[in-house]
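Worksheet for the structure shown next.
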Amino acid sequence: MDALRARSLSLAQSTRDANRTVAPQPQPVQDHGFVRAGRRRMFGLAILAVVLVFVLLASITFGSEHLRIAQVYDAFFHYNGSTADTIVRGLRVPRTLLGLSVGIALGLAGTLMQGVTRNPLADPGILGVNAGAALAVIIAARFFGIDDPLGYVWFAFGGAAAASVVVYGVASRGPLGATPVKLALAGAAVTAFLAALTSGIFLADNSTLNVYIYWAVGSLSGRPASPLVQLLPFLLVGALVAVSLGPGLNVLSLGDEAARSLGQRVGLTRATSAAAVVLLVGTAVAVAGPIAFVGLIVPHVARAVTGHDYRWVLPYSALLAPILLLSADVIGRVIAPPAEIQVSVVTAVIGTPFFIVLIRRRKLPQL
Amino acid sequence: LNSHRGLVDLPSVAEGSLTGLMDPIVVEVLGPRRTLLRAPAFSSGGGRTHVNRQNCPLGRSSGPRSHLRVAHTSANRTARAMDLSNSVTRREFLGVAASGAVVVLAGRLSSSVTKGSTDWSFTDDRGVKVSLATQPKRIVAYDQAASALMNIGVPMVGIMASMPFGKDPLLTGLNLSGVAKVSQAYGDINLEVLAAAQPDLIVTELDPRLTGPLIGFTNKSTQDQAQQVAPIVAIDYYTKSRTNFQTGDVIAVTNRFEQLGRALGANLQAPDVVAAQKNFEQASARVRAATAAKPGLKVIALGAYVGVGIQVARPQHDPTLLYYQELGVDMVEPGGSPGNINKNYNNFFFELLSYERASQYPADLILYDDTVYAMSLQSLDAIPTWKDLPAVKAGQIIPWRKLNPFSFKVEAVDLGRLATAINKAKIVT
């Protein structure tokens, strides 16, 4: 609550500053502080970017097949089609890019969801995205006989989008529009309904089992690269929209009333955020299956590092999430050679204790 | 082999969802009965002791059996299936109450009760002797057993398939008209369909782990409910050594199914059965000759699965691949220890490789999993390490029946295909 009050105070302060056109007395101390905080955050971002680069390199260097650094280097600069070259260029690079994209998408979407719903335990799945994608995949397998990742990726994306539209539509009914509570309730109800349909089809015809079960294991391995290429434009648009929503989320975090009185179009901000979440998570879930916990944890880590200003939380999340996801993936690759552990399993193992600590903390961050 | 191995823990998922449904009372009651059934069969070190079914509390003695047969109209059976949980619990309870007395009296009673009251009996590989008043005519079998039996002329009234009938490679080429679909996914038994099929006998296989239910069932309570509908016969493919999990080759296991088939009225002297046996021998000779002509040609059996990796089969634990080895085919033996079958079931039959390790075991000819669970060869094109395999580049891939058909007729076709592929294959490693 203190943070909230401090934020609204500083906001009021800056509004006053902006209105003070007469007698522009410079306030060097305050400005200096603001710039210094900004610099520090910039510096933090730069450090994260460097860490991310290292993680990307690690993801290309380490895997269940042991390659020497020189071999990895050669794959880029002296390519001759050897097995090592194929592994690096054909598997690790696409997989790393997949992890990078999915990580960015999950990190941004998680932050947006927590910001829009002002719910510290919200994850991107709250809009019914995963449930919608799961149902669509199982429908594709059952009724259209599509059991190829290239075929069902569009179903997954479409299902994710359709489910979120329904959740948002249900939540926006009534006088106040899509309030956080209504969003959470509608999301839970629609998710339960979609999950029931999925189980129904699943139980009625287990032939869909294999398609669904492999899809439902969130993994970056053996996923063809072309679906990502096809869906990349959606992800990019979603990411740009998400990053531009920082100021809007800041105002929204004061509460709907305050936000409205400050001239914020609350409904519009929410709808834009929801659209960005659909683009981001729809893509992520379609190309890699459901990966839990990344979208939930990362915003908390980002807030712990940079404070509550969404203009900073969003870019921090966008860097932290791929770092977490790719680190988890690298761990999964090297702990069980010659096989691998799926990244969703590793993130769940890392995420569960974090989640328990989070909900047991006396003071959840007030959003 | 049995169909749920290699499906990458699918059964454990199904099991997880189903065990929750198990009635705790039933589970508790099961304990003593299982001990009663199992103890004599496996404590006697190799030699199989025959446990008369009449000794076991749930087994129908032949007298009541014939009585029951009159009483059970189909409607009545269906009703029973629908009300299984109650009736099972009650029966089990009575059964266990009686079991103490049965154990004491077992030795004396068995001979006198058996005498004269049964015309048909078969002792399965658990050591359970199923005795019936007449030779069972209406058979329901697990898909692998069904294909083994149908191919020697034993008709089925129902099949417990581990995937939809149309997609089950074990069922292709069989006449399935009028055959009840008892399950279309592993362990997904529809008890009503089973009861409506009015089977006299259910045929399945023994799970090598022995601790769980029989093959085709994902939990003991379903197996028990099926047992209420008809007695179960379980065939074991670990004919060489049960304790070391040494499977017999495909001939040994098929012969065992033929024994059962003969007991069920199959005419093994029928022209097509004899012809199938002859074809099998000829095809075997072709493979032997082809292999001898291509020294150094390595063959690998595997399947690739989305997001999981590549599973390379251990030929020692697959009756068909074991037979290929006996014919001289140089089958790739993956590394790593098969480990404990009870701890890691899949690892016992396969070694799992990541896609990065696709080229770990060089091979000239690939036998590729033909079930719907494996990635299509087309979608595998997206995996560059796979595309780079010499055998893949040379197009030297043929389908592999991961679910062994224990039928000389079907095996003959596969052997013929293998011989042709070996003849055509170039050594590329």
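Phi-derived couplings, Karplus 6.51 cos²θ - 1.76 cosθ + 1.60 at θ = phi - 60°, listed residue by residue for region A:65-79: 8, 7, 10, 7, 4, 4, 5, 5, 4, 4, 4, 8, 10, 10, 5 Hz, with x used for Gly and Pro.
A cut-off under 11 angstrom between Cβ atoms defines the neighbours of A:P180, and their net charge, with Lys, Arg +1 and Asp, Glu -1, is +2. Once both axes come from the Cα atoms, what is the angle between helix A:129-143 and the longest principal axis of chain A, in degrees from 0 to 90, rounded to 10? Once rounded, one gets 30 degrees.
Packing here is the average count of other Cβ atoms within 10 Å per residue, and on that basis the peptides B:172-185, B:139-152, highest first, run B:139-152, B:172-185.
Dividing the summed -39500 (n - 2.57) terms of all DSSP H runs of n ≥ 4 by the residue count of chain A sets its mean residue ellipticity at 222 nm at -25000 deg cm²/dmol. Going from the fewest other Cβ atoms within 10 Å to the most, the residues A:I87, B:I427 appear in the order B:I427, A:I87. Close amide H pairs (under 5 Å, H built 1.01 Å from N) link B:L353 with B:I310, B:Q311, B:V312, residues at least 5 positions away or on another chain. Shape class for region A:290-367: oblate, because the ratio a/c of the largest to smallest gyration tensor axis (alpha-carbon atoms, square roots of eigenvalues) is 1.5 or more and b/c is at least a/b.
When the P(r) is computed for region A:236-354, the part past 18 Å accounts for 59% of the Cα-Cα pairs. If the cut-off is a Cα-Cα distance under 17 Å, which lysines reach B:K129, setting aside same-chain residues fewer than 8 apart in sequence? Excluding near neighbours in sequence, the set is B:K115.
Other residues within the sphere of radius under 13 Å centred on the Cβ of B:V428, judged by their own Cβ, net out at +3 (K and R +1, D and E -1).
Counting other Cβ atoms within 10 Å as a rough exposure proxy, the listed residues B:Y361, A:Y73, A:Y152 run A:Y73, B:Y361, A:Y152 from fewest neighbours to most.
Taking 18 Å as the limit for the C-alpha separation, the pairs B:K294/B:K426; B:K343/B:K402; B:K294/B:K424 exceed it in the case of B:K343/B:K402. Considering only A:L220, A:L176, A:L280, the mean-square fluctuation computed in a Gaussian network model of chain A, springs between alpha carbons under 10 angstrom, is largest for A:L176. When chain A is treated as a Gaussian network with alpha carbon springs shorter than 10 Å, the biggest mean-square fluctuation among A:A184, A:A318, A:A156 belongs to A:A184. Highest mobility in the GNM of chain A, judged by mean-square fluctuation with C-alpha springs under 10 Å and restricted to A:S64, A:S219, A:S317, is found for A:S64. Close amide H pairs (under 5 Å, H built 1.01 Å from N) link B:A301 with B:A313, B:V332, B:L367, residues at least 5 positions away or on another chain. Residues whose amide H lies under 5 Å from that of B:V203, counting only those 5 or more places away or on a different chain, are B:V140, B:A141, B:Y142, B:V233; hydrogens are built 1.01 Å from N in the peptide plane.
Overall, region B:274-429 carries a charge dipole of about 300 debye about its Cα centre when +1 sits on the Cβ of Lys and Arg and -1 on the Cβ of Asp and Glu, all other atoms neutral.
Normalised by the number of residues in region B:276-429, the mean separation of alpha-carbon contacts (under 8 Å, six or more apart) gives a relative contact order of 34 percent.
None of the figures in this text is laboratory data; all of them are computed from the coordinates on show. Predicted model, so just to flag it, every value in this text is computed and none were measured. We place every Cβ from the backbone using ideal geometry, glycine too, and count neighbours over all the protein chains shown.
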